[in-house]
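Every read-out reported here was derived from the displayed coordinates using simple, explicitly stated rules and does not represent laboratory data. For clarity, every value in this text was computed on a predicted model and none was experimentally measured. Ideal geometry is used to build each Cβ from the backbone, glycine not excepted, and the neighbour counts take in all protein chains shown.
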Amino acid sequence: MRHVIMGGGIAGISAAGAIRSSDAAAEIIMLSPESVKPYYRPMLASIIEKDDADITLSDDPREKYRIRTLPEKAVGLDVRSKEAMLSSGRRQAYDKLLIATGRTPVIPETIAGLRGPDVYALRTLEDARAIQAAAKRAKNAVVLGGGIAGIKAAVALTRRGLAVTLIEKHSRILSGKLDQQGSAFIAGLLKRANIDVVTNQQEYEVLRTAATLQSIRLAPGRIINADVIIAALESKPNIDAFKTSGISMHKGILVRETLETNVPDVYAAGDVVEYRDIVSNSMVVSALWENAKEMGRVAGMNMAGSQARYDGFLANRYSTDILDVPITALGLVDPEDSNCEVFADSRANFYRKTVFKNDVMVGALFINNTTEDTGVYAYLIRNRIPLGKLKAMAVRGTLGENKYVKPGTFSVS
Ligand SMILES: Cc1cc2nc3c(=O)[nH]c(=O)nc-3n(C[C@H](O)[C@H](O)[C@H](O)COP(=O)(O)OP(=O)(O)OC[C@H]3O[C@@H](n4cnc5c(N)ncnc54)[C@H](O)[C@@H]3O)c2cc1C
C-alpha cells in the first residue's frame with residue numbers, strides 16, 4: 001500500500017507514525033517543501049532569541065518511520081487517476097493520501113506600506129532564521145498582532161536586546177484565548193519586560209524612505225521607530241492547490257469523523273482542516289499543535305485500515321510559557337452564557353479559573369499555577385465527564401490528589 005502525505009509538519013509525521021505502527025511493509029512518501037529536519041514549530045521564537053537554539057524533533061521521524069521524503073510541493077490533485085501534481089511537474093501516484101499542508105501567514109494589503117523589505121512573517125524555520133539575521137542589524141522592532149506567535153516573537157526580540165513594541169488591534173492581547181483578567185496579567189508581564197504593548201490599533205501606516213523602513217504611524221499621530229517588523233496577524237489554511245479537485249472545503253478542508261474527505265482515500269489533518277470545536281459545537285480551524293498531532297494520528301490509523309473516530313477538538317487548548325510563566329487555557333474561559341458557573345482565584349502572581357455547565361467542566365485557565373497536570377483538565381473538558389464530588393477538587397486545584405485521577409488512565413468512578 002502506498003501512502004502519500006502532503007506536508008512534513010506534526011500532523012503528517014504523526015500520521016506516518018500511526019501508519020508505520022500498523023503496517024511494517026507500507027510505503028510512506030512525504031512531500032515536504034521545507035527540506036529541513038522536522039522541528040517543533042511552537043518553539044520557532046527560540047531561533048530568533050538564540051543563535052544556537054535547536055528545536056528539531058528528537059529521533060528523526062523520517063528514519064524512525066521509514067518515510068521517503070520528496071522536497072516537493074503539491075500544486076494540484078487528480079482524484080480520478082489518484083495522483084498528486086508536484087511543483088517539479090512530476091506526478092505522484094497514491095493508494096491513500098493525506099493532506100496535512102498546514103497554514104500560511106498573510107501579510108495584509110490593507111495596512112498602508114506594510115508590504116516591502118524588512119517585514120517578516122513567522123511560520124517556518126527559514127522565517128525564524130531570517131528574523132534572527134534582521135534582528136542582528138536592528139535596534140527597534142515592531143510586532144503586529146498580540147496572538148501567541150506575536151507575543152513569542154516580541155519576547156524573543158526583547159531578549160535579544162531590541163526595543164520592542166507590540167501592536168494589537170483589539171482592546172486586549174490574546175483576546176479569544178484568555179479572559180480580560182488573563183490578558184491583563186500577560187500584558188503586565190510583557191510591560192515589565194520592557195515590551196511596549198499598544199492596543200486598540202485598527203488603522204496605522206508603515207513609513208519608509210525610499211525602500212528603507214523607518215517607522216509606524218499610529219492613529220493618534222504617535223510615531224514608533226521600526227527597523228524590522230514581524231507581521232503576526234492572520235494566516236490561512238493551505239488549500240489553494242486542491243480547489244479544483246472536488247474536495248469539499250470552506251475555510252479549511254472538511255472531513256468526516258474518520259478524517260476522510262468527501263473523496264474516497266483522501267484524508268486531511270492538522271491546521272488545514274476545519275472541524276468541530278467540542279465546547280462550542282461550531283466548525284473552526286484549530287491551529288494548535290496537540291490537535292494537529294491527534295488528528296494526524298487518527299487519520300494515519302484509518303489510512304492503514306482502522307475505523308477510528310475523531311469527534312472534535314478543543315479550539316482553545318493552549319499550554320505554553322510566556323517569559324517563563326506557564327499558561328494553560330482550555331475550552332471556554334470567558335463565558336457569556338449565564339448558565340455557566342465560574343470560579344476564579346486571582347492573586348498578584350497567580351490566576352486560576354474554572355468554568356462549569358451543571359456538573360461538567362467546560363473551561364479552565366491557569367496562569368503561573370503549576371500544581372497539577374493540566375492534561376487531566378483537557379481530558380475532563382474534551383470528554384464532558386460529569387464530575388460529581390470531584391467538582392470541588394477541580395475548583396480548588398486538588399484533583400491530582402484523587403487516586404482515580406490519572407491522565408491516560410482516567411476514571412472518576
Ligand atoms: C510561531 C508559532 C508559535 C506557535 N505556538 C503554539 C503554541 O504555543 N501552542 C500550540 O498548540 N500551537 C502553537 N503553534 C501552532 C502549531 O505550530 C501548529 O498548530 C502546528 O504546527 C500545525 O501542524 P500541521 O502539521 O497541521 O501544519 P504545519 O506545522 O504548518 O506543517 C505543514 C507542512 O506542510 C507543508 N506544505 C505546505 N503547503 C504544501 C503543499 N502544497 N504541498 C506539500 N507540503 C506543503 C509546509 O511546508 C509545512 O512543512 C504555533 C505556531 C507558530 C508559527
Cα→Cβ-extended label distance, 7 Å offset, between residue 88 and residue 112, nm: 4.7
Under-5 Å amide H pairs with residue 72, H placed in peptide plane, nonlocal only: 32
For the stretch 106-234: relative contact order, % (alpha-carbon pairs under 8 angstrom, 6 or more apart): 35
For the stretch 223-261 and the stretch 90-112, distance of Cα centres in Å: 7
Inter-site label distance for residue 385 and residue 75 at 7 Å from Cα along Cβ, in nm: 5.1
Cross-link pairs beyond the 26 Å C-alpha cut-off, checked among 169/191; 37/96; 64/236; 136/191: 64/236
Among 246, 387, 190 - extreme Cα towards positive end, dipole of the chain, charges at beta-carbon: 190
Residues with amide H under 5 Å from that of residue 226, placed H, sequence gap 5 or more: 215, 216
Reachable lysines, given that their alpha-carbon falls under 22 Å from the alpha-carbon of residue 391 and they are not under 8 places away in the same chain: 353, 357, 403, 406
